[in-house]
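A.B. asks: Following this message is one structure expressed as structure tokens.
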Amino acid sequence: MVYKKIFMSGTNTEVGKTYITENLLSLCVKKQLSVIPFKPIETGCKITKEGLQPSDAYKYYKILKGQINIDLINPYRFRQPISPNMAIKIARKNIKIKNYIDKLNLLPKKANLFIEGAGGLCSPISSDGLNIDLIKKIRCPVVLVAKDEIGVINNVLLSLEMLKKYRIKTSVVVLNRINTKQPKGMDNLKEISSLIRIPIVQVIKGKNNLSAFNKILKIINF
């Protein structure tokens, strides 16, 4: 079996890419598929007796029932809820794209890999690069998560243009409807579908999205 990796990115911060990732991860576990999550850096971590606890990465750790050490899942973490690069500077650390790749290479090889970035494609995550630079170095396709709201069409098209510029494949766009109250007549799924050929899957808060998550897994061929 050839194991694969996918990068979970967003059109911006707070679009729900962790929510999408944890649901895909849970579904893989239920299907008894070999999967490992990797969140190279997380900010806004809580201070505990054991040290900084990363909220997002800890969700993944619990889904896997502790089978993978959380320090492998999330090697770099910071307290301030700010951009990773600024958190790194304030902590007087020196973390580069290569450091993330070195940590990635420590993970077990016999599993499909979910890699979650921090923020949007162009969010700075190290002193020498953005999320998209890391994706380019890792050489893997992207699941682009976008918040289903007014303005998302522009955000999706700009993000896809950046990925195209970097010659990175976009496997699927996930429209994540967090706010279920939508303006009358708005249909982002229909409009975006008329503008791009990339598969689009819609996830709606409060509904049974099992078929949507199964569709995403099928598209990325995990």
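A.B. asks: Taking Rh as the Kirkwood radius computed over C-alpha pairs, what is the Stokes-Einstein D of region 1-108 at 25 °C in a medium of viscosity 0.890 mPa s, expressed in µm² per second? Walk me through the numbers before you get to the answer.
C.D. replies: Numbers: Rh = 14.8 Å.
The calculation lands on 166 µm²/s.
A.B. asks: Rounded to two decimals, what is Rg over Rh for region 66-222 when you use alpha-carbon atoms and the Kirkwood radius? Mind dumping the intermediate values first?
C.D. replies: Working: Rg = 17.2 Å, Rh = 17.5 Å.
Checking Rg against Rh, the ratio lands at 0.99.
A.B. asks: Right, another one. Please compute the contact order of region 166-222 in relative form: average sequence separation of alpha-carbon pairs under 8 Å and at least six residues apart, divided by the residue count, as a percent.
C.D. replies: On the way: 48 pairs, mean separation 25.2, N = 57.
It rounds to 44 percent for region 166-222.
A.B. asks: Moving on to the next point. How far, in degrees from 0 to 90, does helix 152-165 lean away from the longest principal axis of the Cα atoms of the chain, to the nearest 10?
C.D. replies: That works out to roughly 60 degrees.
A.B. asks: One-quarter of the Cα convex hull surface for region 136-179, in nm²? Could the numbers behind the result be given before it?
C.D. replies: Details: hull surface 12.3 nm².
For region 136-179, the mean projected area of the Cα convex hull comes to 3.1 nm².
A.B. asks: For region 52-127, take every pair of Cα atoms, bin their distances at 10 Å starting from 0, and report each bin as a whole percent.
C.D. replies: 16, 51, 30, 3
A.B. asks: Using alpha carbons only, how many degrees (0 to 90, rounded to 10) separate the axis of helix 210-220 from the longest principal axis of the chain?
C.D. replies: Computed tilt is about 70 degrees.
A.B. asks: With n ≥ 4 as the cut-off for DSSP H runs, can you work out [θ] at 222 nm for the chain, using -39500 (n - 2.57) per run divided by the number of residues, rounded to the nearest 500? Mind showing how you got there, number by number?
C.D. replies: On the way: 9 runs with 81 residues, N = 222.
That calculation yields -10500 deg cm²/dmol at 222 nm.
A.B. asks: Tell me the angle of helix 17-30 to the major Cα principal axis of the chain, expressed in degrees between 0 and 90 and rounded to the nearest ten.
C.D. replies: Around 80 degrees separate the two axes.
A.B. asks: Shifting gears a bit: Which value results when the Cα radius of gyration for region 134-222 is divided by 2.2 N^0.38 Å? Intermediate results must be reported in sequence, preceding the final value.
C.D. replies: Numbers: Rg = 13.4 Å, N = 89, 2.2 N^0.38 = 12.1 Å.
Against the empirical 2.2 N^0.38 Å value, I get 1.11 for region 134-222.
A.B. asks: Just need the relative contact order of region 5-220 here, percent rounded to a whole number, with Cα pairs under 8 Å and 6+ apart. Show your work: numbers first, answer last.
C.D. replies: Values: 375 pairs, mean separation 53.3, N = 216.
For region 5-220, the relative contact order is 25 percent.
A.B. asks: Among the lysines, which fall within straight-line cross-link reach of K205, defined as a Cα-Cα distance under 19 Å, with same-chain neighbours fewer than 8 residues apart omitted?
C.D. replies: K17, K59, K147, K181, K184, K190, K215
Read-outs throughout are calculated quantities, based only on the coordinates presented, and are distinct from any laboratory measurement. As the structure is a computational prediction, the values presented were derived from the model and not from experiment.
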